[in-house]
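To start, the structure itself, in structure tokens.
Nothing in this text is a laboratory measurement; each read-out follows from the coordinates by a stated rule. The structure displayed is predicted, hence computed values, not measured ones. Neighbour counts run over all protein chains shown; Cβ positions are idealised from the backbone, glycine included.
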Amino acid sequence: MDPVTAGALIAAVNAVVSGAGGEAGRRALEALGALSRRVLRRSPCDPGADPAGDPGADPSGDPGADPAGDGEPVAIPYDDPERLRRLAELLVERARQDPELGRDLAAWMSRYGTPAQEVGTVHNSISGDARITGPVIQGRDFQGPISFGPQ
């Protein structure tokens, strides 16, 4: 797999947030949060922290510390583009330095990211824990009526 870029990681997070709500989206963000926690524990600075002081930061000043002490994954700042960009850049940088993290981040992208494709192409898929209980139509540029038989 090609190295993960910050732009691709941001696009994947945005796709997860906008398209994969519910349980699948929650799992994707939690998995990325766990990877982020691994990096932030070793990081000299939290890319998500406001340089002027983050009111939600750990009072000890350790950006990698777990302020709640509960070991929960880092919350991905998907609603703050600048913080998300800094976090993505840090993850990508550390993934280049740490082969294990690089493999784990590439696996996350493989599972939850959307690969770059040519403009106009369509990638139809049903995956994960999807449970189909009725007809499914996948394709591109449909014309005319679609019927599943008598009603």
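Worth pointing out:
- On the basis of the beta-carbon distance and an R0 of 41 Å, Ile146 and Asp80 show a calculated FRET efficiency of 0.50.
- Net +/- balance of residues flanking Gly128 in space, Cβ distance below 12 Å, scoring K and R +1, D and E -1: +1
- Taking label points 7 Å from Cα along the Cα-to-Cβ direction, Gln138 and Asp98 give a separation of 3.5 nm.
- The 3J(HN,Hα) values that the Karplus relation (6.51, -1.76, 1.60; θ = phi - 60°) gives for the range 134-150 are, in residue order, x, x, 10, 10, 10, x, 8, 6, 5, 9, x, x, 10, 10, 10, x, x Hz. Gly and Pro appear as x.
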